[in-house]
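Take a look at the structure set out below.
The values are calculated or read from the model by the stated rules, or taken from the named source; none is laboratory data. Keep in mind that what you see is a predicted model, and the values were worked out from it rather than measured. In this analysis, Cβ positions are derived from the backbone assuming ideal geometry, glycine residues included, and neighbour counts consider all displayed protein chains. Ligands, DNA and RNA are stripped out before the accessible areas are found, and what is left, the full protein with its side chains, is counted by its heavy atoms. Shrake-Rupley method; radii C 1.70, N 1.55, O 1.52, S 1.80 Å.
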Amino acid sequence: MREQKITLGEMRQSGVHGLLIYCSDYRCSHHLKISADGWPDDLRLSDLEPRFVCKACGTRGADIRPNFAPARMGTKGW
């Protein structure tokens, strides 16, 4: 049984609206970025994962993660 990930609504509440989609075949390494705004708030990332089919290799399934903004290192004025 797969781990249940956060819902899209929980993700949006933290200010994230994009998704990173990675092919589940580690040898393929195909990935893309998409908007999550078209799906309902109660949908879990783990519910979406089996629905994706890689356009590069045809493998069904994906690893889906929120597309958080890049970390900012350091502070101003130093």
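Would you be able to tell me the number of residues in region 1-50 that are within 14 Å of residue 61 (Cα to Cα), touching a residue at least 40 places away in the same chain (Cβ under 8 Å) and small (Gly, Ala, Ser)? Qualifying residue count, region 1-50: 1.
If the condition is being open to solvent by 70 Å² or more (accessible area, probe 1.4 Å), more than 13 Å from the chain's Cα centre (by Cα) and not aromatic (Phe, Trp, Tyr), then region 11-29 contributes 13, 14, 27, 29.
Those residues that are under 20 Å from residue 55 (Cα atoms), part of a loop (DSSP other than H, G, I, E, B) and hydroxyl-bearing (Ser, Thr, Tyr), I need them from region 1-39; list them, please.
Correct list: 24, 26, 29.
Screening residue 46 against (1) at pLDDT below 95; (2) part of a loop (DSSP other than H, G, I, E, B); (3) open to solvent by less than 70 Å² (accessible area, probe 1.4 Å) leaves a single unmet condition, (2).
Taking the condition among the acidic types (Asp, Glu) and out of contact with any Cys (no Cβ under 9 Å at 6 or more places or on another chain), does residue 25 pass?
no
In the set (1) part of a loop (DSSP other than H, G, I, E, B); (2) open to solvent by 30 Å² or more (accessible area, probe 1.4 Å), residue 65 fails one condition alone, (1).
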